[in-house]
Each structure stands twice: as C-alpha cells, then as structure tokens.
Amino acid sequence: MECLAMLSTESLRRIIDKSTIKFVRGIKLDTKSGKSEDRILVLTTWRLYLLTAKVPTKVEVTFNFLEIRAMNSFPEHQVVIETDRSSYSLRLQTRDHHDHVVNYISFALSRIFNNSAFAPSFCRSEADLSDGSRKYSPSSETSVETQRACGGFSETYTALCDYNGISCKEEVQWDVDTIYHSQDNREFSLLDFSHLETRDLAVIVASMAYNTWFTKLYCKDMRIGSEVVEQILHTLSKSSSLEELTLENVGLKSDFPQKLSVALSENPASGIHSVNLAHNTLDNQGVSNLIQQVCRLSKGLRLLNLSKTSLSSKGVVSLSQALCSTDEYSNSLLHLDLSKNPGVLSGEDASVRVPVNLYHFLSQPNCLVHLDLSATDCVVDSLFGPLLQGCCADLSYLNLSRNSFSHRKAKESLPLFRQFFSSAFSLTHVSLASMKLPPEALRALLLGLSSNPHINDLHLDISSCELRSPGAAVIQELFPRVSSIATLDVSDNGLDTDLLSIIPALSRHPSLKHLFLGKNFNIKSRVLDEVLQNLVQLIQEEECGLQSLSLADSRLRSRGTVLVNALGSNTCLRKVDLSGNSLEDLGAKMLGKALQINTTLRSVTWDRNNTTSTGFLDIARALDHNFTLQYMPLPLSDATQAYRNNPEKTEQALTKVGVSSEHCSGTTRPSASPSVMERLCVRVQQQLSVLRGAGQGEELQAAKQVLKEARNSRALYPSLCELAHVLSVDGPVRQRLDSLAGELAKAADKELQVIVDSMVSLCRELCPLSSSTAERLTPPLSSVTERVSVPRCAIRSALMERAALDIHRAMEEVKLSVVSYLTNSIVDQILQELYSMHKSLVLSPISLSAPRLLATHQVAQVKHWEDDGDGGTGSGSHRHRDSLEMTDEELAASIDTLAIKKRSGRTRRIRPVSTRLSLCDDSSSSTPPSAPPLSSPLSRSASWECLSTLPTQGAPLHHVTRVRPRPPRRHRGGHASLYSHCTENGVVTPIDDGLPDFYTKRVLPDSQLSSLHKAQSLRRKKRRNMLAIFSFRRNRHSTLSNQGTETGGWGGACGDECRTKATERQCHATAGTDFTLRLRTATENVYTLLQPPRIPGRADSPGEGAEKRVEKQRETEQVGQTEVQSPQDRIPELF
C-alpha cells in the first residue's frame, strides 16, 4: 500500500523497538460506522500495534496477546480479535498474511501457557505451526527449534512483564536460564530474588503458573506481601507440575489454609503432595479443610509440616480426624511434624481427646518415616504403644524432645517402651532430649536396642535428661552391649565425676563414631585432669573408631590443653568441637602445634575461647603447614571481641587465617626441607669443582649421579601427582562404570519386560473382552512392553555422578598418600647419599691439601647461584651463602631432624604438657616454700660427679671482666651486718640463733611434711639438672640481688685471694664441732630465706659456704673488726 511505502524505518524505530518487530503489513480496519480505514499492523514479540497511515505515524491501538479473549477468522481474509476492552476487525491483503497473523498470535500464547489445559482454545502448538511461520518465534532472535531453558520461564516472564507494564529484569532471566538450568535445579527459591520489589516477585511467581520445569516453590524466613500470596494461590490453582510448597516463616495470615484449600479444589490436576507452612499463625479449621482437600488429589499427602503454627487441641483433633477419614494417608503420608505447638497433645481438656485421635492414626498400619512431636506436652511413655502397633516397619526419625516422659509412677508402659526399640526395623535418629528420663526408662531403652539386630548407625540424643549418677551407672553397665549406636549425645546431664566410669565404658563400645560430651565438666581440677587423661587415652587407642568429638561449652579453661595436645598424634578423629571452653591464647598455640603434624582432622570448630589476635596468628601459622584440614568456621565471637581490643592486629591475623585456609584441599607435601637439599648440593658441587683435575674416578661419577638425582627430585612430587591424574582420567574404574551402566540398563529393561508382560497377562485374565478389543487399537495393548524402558541417563548419572564421585575421593586420598610416601622415601635417601658423598669427598687427600682452592671455588659457586638461581633477586644468594657458613655438624643435625619427621603417626607420642601448665598444676597441688632449701649431700655429690668429667688440662679459665676496675666501696666494713645481732654483753650472735629449735615444733603432720620435703627435693633436682645442661648465665646485678633465693650458703664466683682465705679458714680446728652442728641444722631447715646471703666472689659448695660462714663469725668475735681491703680487691656487699 502507498501508506506503508510512505512509512520510513526511522519513524517506526522512534515508536517501537526494531529488534522486537516480527511482522509489518498494511491492513483495513473496520470501524463501528461500517467503513474501512487504512492502518499499519505491527506484531512484536508479545504485543500487537495498530498505527495510523500518516507521516509521521503514531500508535492508535496496542494490547498484549494475553488480553485476547477470542480470535475468529472469516472470509475475505478477515480476522476479528476480542479483548477485555474492545473488539477489532482486521482485513489483510492475502491469505498468507491472514494465516501468518493468526498462527503467530496463537503460537505466542501457546509458548506462555505451555499447552496447558487452561490455555485459550485458539492456541496452536509447535506441531501445528506452518513452515512459513516457524521462523518467527516469540523467543527474540532464535527459532523455536532452540531448546527452551527451564521450560521457557524467561519467555513467560517477559510476556507477563509486558502485560503488567513493568520493566523486565534481565538478572532474573539470566539467573534462571544460566544457574537453574545448568544445575538442573527444579526448586524455585524466592530467596534468590529477595532484593526485588513486591510487584516484581509477584510477576515471577505468576510466571510459574503454567511452567512445567519447576516442581518446588520455596521461601523461608522472608516476609512476603499480599500480592505475592495472591499469585502463589493463583499459581497453585493452575499449575499441574508443582509438587512441593514450602512457605516457612513468611508471615502468612490465619486464613491462608482455607484459601489454599479453595485454590486446590479448582485444580483437579494439581500434583501437590508436600506442604510446609511452619512458623506461621494459622487457623485450625482452615488446616482441617486443607488436609481434607489434599487427600482428594492424585498423589495424596506425603509431607505435612505444621511446626509452630499456633495449633490448638481442637485443631489437632480436626487434623487427626481428617488423617483417619481415609486410607490414603496411611499409604502416602511419610513426614509429619507438629512440633513447637505447646499443649496440643497434653490432653488436659477433658472435652477434647487429642491423644486418642492422633494415637488412633499412629496405631494403624502406616508408612510414616519422619515423626516430630517435640515440645507438644506429649506424655512420651503412652505414645509407644501406638508406635509399636503401626510404625515399627518404616519409622526412621523420631523426635520426642522437650516433653514429659510420664505423669505416672507406675511402670506398666516400660515393657512397651523396650519392645518398640527391640522391634523397630529402620530407626536412624531418636531424640529424647530435654526431658527428665528415669534410670528405669534408660535401662529399658538400652536393653531394647541391645536386642535389636535390625538397626545400625543409630543417632541417640539423650542430652539434658538429668541422668546424673543413676543414669551414669546404667550407661556404664549396658552401653558396651549396644552395638547399634553410632552417635551418642549425653551433653548437659550433670555427669561430672561420673565421667571417670563412663569413658572406659565408651572405650569398650564397638561401633561408636560420634560422641557429644559438652557441659558435663563442672568438677574440681584434680578430677578434671583425670577425666581428660581418660579421654586422651580413649582417642589414642589403636582400635578406637571415634570419628568426631564435641566438648562444646564445657569451660575446661587451661586444663583443656591436655586434650588439645593429644590431637597432634591422634589418628582417628576427623572432626572436633572445642568451642566455649575459654582455652585462651595458650590453647590456640597448642592447637596450632597439633595442626602442624595432624593429618586426619578434617573439621575443627574453635570459638568462644577468649582468643586474641595472637592466638589467631598461631593458628594461621599452623594452617600454613596443614594440607588436610577442610573446614574451620570463622570464630565470630572471639573475632568480634579481639577486634574491639586490637582492630589492626586482629584484622591482620584473620586475613592470614583466611589465606592459610585456602590451600587446605586435602593434599600433602614432602616432609624434606628444600633448603637442606640445596645446601648439600652446594657442598658436593664445591668438592667436585676442587677435585675436577684429579681424574674421573668412580667416586666422582657417583657424586655427579647423586647431584643429578637431587635436581630431578624437585619435580618428583608434581610429576607423580600429574601422572596419577592423567592415568585416572579414563582409567579402568571409569571404563568399568560405563560398561556397568549399560549392563544395569539392560538388566532394568529385562526386569521391566517381565513385570509388564505379567501385568498384561493379568489384564487378559481379569478382563479378556476389553483386552482383546484393546489389542486391535493403534498401538495395540501388548506393544506397551516395547515402549517401556528406564532412561539410560538416569542410570548413568546415578553411577557416574554419585558412585563415581565417592570412589574418586577415596582413590584420591590413597594416591596422595602413595605420592607422599614415594617422594619422602626417595628424597630422604638422596639426602643421606648426598651427606655421605660430601663426607667422603671432604676426607679425600686432594681436598685436604687444597683449602685455598676450595675457598675460591666456594666464592665462584655462590656467584653462580646469585646469577642463575634467582634471576637477580637476593633471596637465593643469602640462602646459599648461609649454606657455606653452615658446619658439617649442623647439616648432620638437619638430616637427623628430617629422619625424626619420618616417624609414622602410630609411633608418635603425645605432646607433653606445657611448662606453664605444669607450674600451674604444682602451685595448685601444693604450696611452694618461699625459697629452695639447702641442697642435700646427695645432690652435692651428684654435682661433684658432673664436675669431675670436665677437662683438667690447659690454661686456667679467667672471666673476661677480671681486669676491669671495681667500683669504690660505699659501705664501711666496720658497720654491723644486718644478719647479726649484738647482745647486752657485746657479743655478736647471728640473727638466726634459735631458729632450728623454733622450727622443730612442727604444725603440719609428719606425713604432710615428708611429702612436702619430697616435692621440694624433686623440684630442686630438676632445677639442678636444667642448670647443668643449659648453663644459665645471670646478670651481675640480678645475681647480687637474688643471693637469698639461691641454693643456700655463701657461694659465688671467687678470686685467688678469696680462695686462699677460704683455705686458711677451713684449717681452724676449733670450728669443726660448730660446723657439723650448723650443717645438720641447715639441712633440716626448709625455710632458707632466713639464711645469710652469699658473699659475692665465692665458688664453694653449699656445705663449705656454711662452714666458712661459721669460721668468719668466729674470727669476728676474736678480732673484733672486719678485715679492710684495698679498693681494687674489695668485694661488693649486698647492703
């Protein structure tokens, strides 16, 4: 037409987006007056436009295809389209144009409705689409042959956005088409789009009304508006693919169950079988109506979760009556959750017989798998009679926590209680937590489980049951007999000291894998140490099968580090929870040391331990050396507190923890240190350079071969890992799984063929006439055998994605352990050969005769490493320069250290307790004296034996400060000593005169005093051994100020003059008797703080110091004055 030719592309582009235009033609529009006017018809993806035949043109009419209520065709290429607002009569030029318009609109609507029964009658499917119109698809630029992601959700969403006049969110389309489709996710979660507005969420939900991809609608802990709720009800009234509905804690109104029952009644093809409305306030009568309506659906009700929905007793009665009204529920209901509805099962209202109605349903044969009646005020002991009658076969999960066990004192129900646990076939989880469980009930429970041969890997939760000592006695007696329990939770039961008897009983259990012992350690320190030692012994046993241990919230404090130390050498635990124990930074340090050598732990929970940034840094450094830990949650509580005290250091520590955790991917590394290998290589290469001109002997050839293998060993570990990966890509396991998938598919088809043939034969026997008639149909009845088969992809995915993954993980662990073993063995052998070769080359005659040449080659070798080893960086030069400075003894020590690391985990002993903890234990167990006592004669002789081994030849030893001038004396020698006392007659007596008689009147009993002497003697012996080994050096001023706390007497470093005077004083015969008495008194006295201080400069034994002290006092009495020395020889005094 002329008007169409006059229209330019630019004029259309200003009005309509060109990318969405699918069809443009000139038409005649019939008006109400009977006239025909020229118009421009434009069809876009989801909308029809009628434009004026003018230049410039404008939009006269537009509507979305979803507004069409009817579309009829008439002769002369006429199409009449009826919408909600008006009807339009369009006359097209040709028959092809007419068919194209009708087919396109019909097909676009069919894409939205997905061939649903609720689609308009004029919609056409893809099979009815003509070839000419097939290229025009509503899916933008693609043809209909392209696979529609997630059942065409994006197309429906775009059409609904256009219909409602809101902008289409591309992020929604991308998430669904990419994430949901790639993961084959059939559960649509509104939480993924919680950031959008309510109207956008309503359109998203409406897009699922006719979608056949999604089968689940999920929303939890997110408030949804009334518009979204209305669209959910509309979707449920139209959808035939939705099967599960979860609206937990979304703020539903009380009338929602009634509206939901009405919506389901409008959709007889609904496939809903799971309803979760937990944590919403609901109307009791509406819940009853909903249950009655769901039972009429084709699939029945499989899951019903009404936890914390404010149900009353009458509501549960109505629910129970609905469950008992039909046998469909007995054959379909698998999951029933009525928890957290207080009082609904108490039966306090005499007019309402709540338990009777519910118990009647439970006593009937049913297929319940999951039953949760926690916190419903149910009387537990009266429940096991109905459970024994109807739920023994299939019940797997039973939660009766936070209820009362019994309101009666009689024991009539205990036989039924025991019989249920001895007769159940499928139990995997039983929770009786937070109820006062009598010892008789616990005994019946354990006796029933011990006689049940059908149960394995049971999770038994009896936490917070107030078991205490009576319950502990039952556990100690009966628990070792129960082989079906794999997980035991006895936390918060007031066991305390009874753990001493319970832990040995747990160690004798054959199948215990997971143990929860938290909140049971409110005991004294001495008993706590014994309990923790028993725990350490439990997890260190070779036959221990324990895989996880939880001591959460036990407040172990610093004593818990005994258990943390044991984790280093433990080989059974894979998961440990140490949170809530106030272990502080010392515990974090011990955990870091344990993680550095542990290779079995996969999960560690550490929080609420008062850990600061220092402790986090210790853990981070440990994670750098641990390659097997897979999960360690961020300690939020400790991190928050530490951040308040020291933000910068805490942030740095947590960053280091995060970086260190990234490499925890289940791999191990060789134990040998590369630096030791490089140092040895440098040494051997130096010797080869020196001996290069001496010929080509066998020894030199062997050295070169060892160096070559040392260089190749750097690539040993990654090469072995790569080889293991390459060979396992298409290995025998995968090939066997492929062939097994084919064999399983054939076996499944054969089994199905036998079953279907038997079914067809039975149909012919029961209904022969109808069966013969059906045989003449197309296809015949007997051909169903040929058309039924199990999808090959289902069997293949089950094997290749599930079984293959588990097998692959197990094989990876074995391969990595083998790689580590081979690498460590070869590298350690190379180290030994390098060290032996280095020693043999050094001892060769040529090397001994050319030390200057060796030094020259060392410098050249260092330059070679600086130029080539690190590419200009200084790290390599420093490392290899250190290798030249390292002695042969240090290299040997490094190799010995590596040999120690080769010890297996089974032979590794437990890390000893920290010295800090040992000191705390000593202080808590006994009161230490204010100063160590005098050494006994036995310790004195031991010290002389140590000194006898010292060399006696050579020049005498002199201190480096002996030539320094001494400071002038500030106190005159004539002043009286503070440690002496003048009597009335002028005689000077020591101040400690009479003290031995005073201390002979003992306050403590002899037994306690003897134990005190033994403890002190043991500590003195340990201290002497430490001083003899490490030769502690003291500051001069600290030595002078601490003379009173030394091992007693008048000792010290002495010059020649002092040593001569001491010899002269020892020759006085009159001091013999007094010296013996003094020595005996000083040995008996345990309070050495009152003894006179040492005079600096003496180096005598404790006994000799006492003798000289007595002799000096004798001289003071006779002479009456102190010997005056010159300033150069004067000895500094204490006071």
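The values are calculated or read from the model by the stated rules, or taken from the named source; none is laboratory data. All of these numbers come straight from a predicted model, not from anything done at the bench. So basically every Cβ, Gly included, is an ideal-geometry build from the backbone, and we count neighbours across all protein chains shown. All accessible areas refer to the heavy atoms of the entire protein, side chains included, with ligands and DNA or RNA removed. Shrake-Rupley method; radii C 1.70, N 1.55, O 1.52, S 1.80 Å.
Worth pointing out:
So that you can scan it fast, the table gives a plain yes or no per residue for (1) open to solvent by 30 Å² or more (accessible area, probe 1.4 Å); (2) out of contact with any strand residue (DSSP E or B) (no Cβ under 8 Å at 6 or more places or on another chain); (3) closer than 18 Å to residue 557 by Cβ:
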site: 577; (1), (2), (3): yes, no, yes
site: 580; (1), (2), (3): no, yes, yes
site: 585; (1), (2), (3): yes, yes, yes
site: 589; (1), (2), (3): yes, yes, yes
site: 595; (1), (2), (3): no, no, no
site: 598; (1), (2), (3): no, yes, no
site: 604; (1), (2), (3): no, no, no
site: 609; (1), (2), (3): no, yes, yes
site: 614; (1), (2), (3): yes, yes, yes
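- Residue tally, condition assigned to a helix (DSSP H, G or I) and open to solvent by less than 60 Å² (accessible area, probe 1.4 Å), over region 219-230: 2
- Scanning region 699-730 for residues that are out of contact with any Cys (no Cβ under 8 Å at 6 or more places or on another chain), farther than 16 Å from residue 814 by Cα, open to solvent by 90 Å² or more (accessible area, probe 1.4 Å) and at pLDDT 75 or above returns 701, 704, 705, 708, 712.
- Residue list for region 180-228, restricted to those being free of Cβ contacts under 8 Å to residues at least 12 places away in the same chain and more than 35 Å from the chain's Cα centre (by Cα): 197, 226
- Looking across region 47-58, the residues that are at pLDDT 90 or above and out of contact with any Lys or Arg (no Cβ under 8 Å at 6 or more places or on another chain) come down to 47, 48, 49.
- Among residues of region 85-97 that are of a type in the set (D, E, K, R), those with a beta-carbon under 7 Å from a residue that is assigned to a strand (DSSP E or B) at least six positions away or on a different chain give the pairs 91/27; 91/28; 91/30; 91/36; 91/78.
Every residue, every condition in (1) modelled with pLDDT of 90 or more; (2) closer than 20 Å to residue 62 by Cβ; (3) surrounded by 14 or more Cβ atoms within 10 Å (Cβ to Cβ); (4) in contact with a His (Cβ under 9 Å, 6 or more places away or on another chain), yes or no:
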| position | (1), (2), (3), (4) |
| --- | --- |
| 92 | yes, yes, yes, yes |
| 97 | yes, yes, yes, yes |
| 101 | yes, yes, yes, no |
| 112 | no, yes, yes, no |
| 117 | no, no, no, no |
| 120 | no, yes, yes, no |
| 124 | no, no, yes, no |
| 142 | no, no, no, no |
| 146 | no, no, no, no |
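- Scanning region 148-174 for residues that are assigned to a helix (DSSP H, G or I), touching a helix residue (DSSP H, G or I) at 6+ places or on another chain (Cβ under 8 Å) and open to solvent by 70 Å² or more (accessible area, probe 1.4 Å) gives a single hit, 163.
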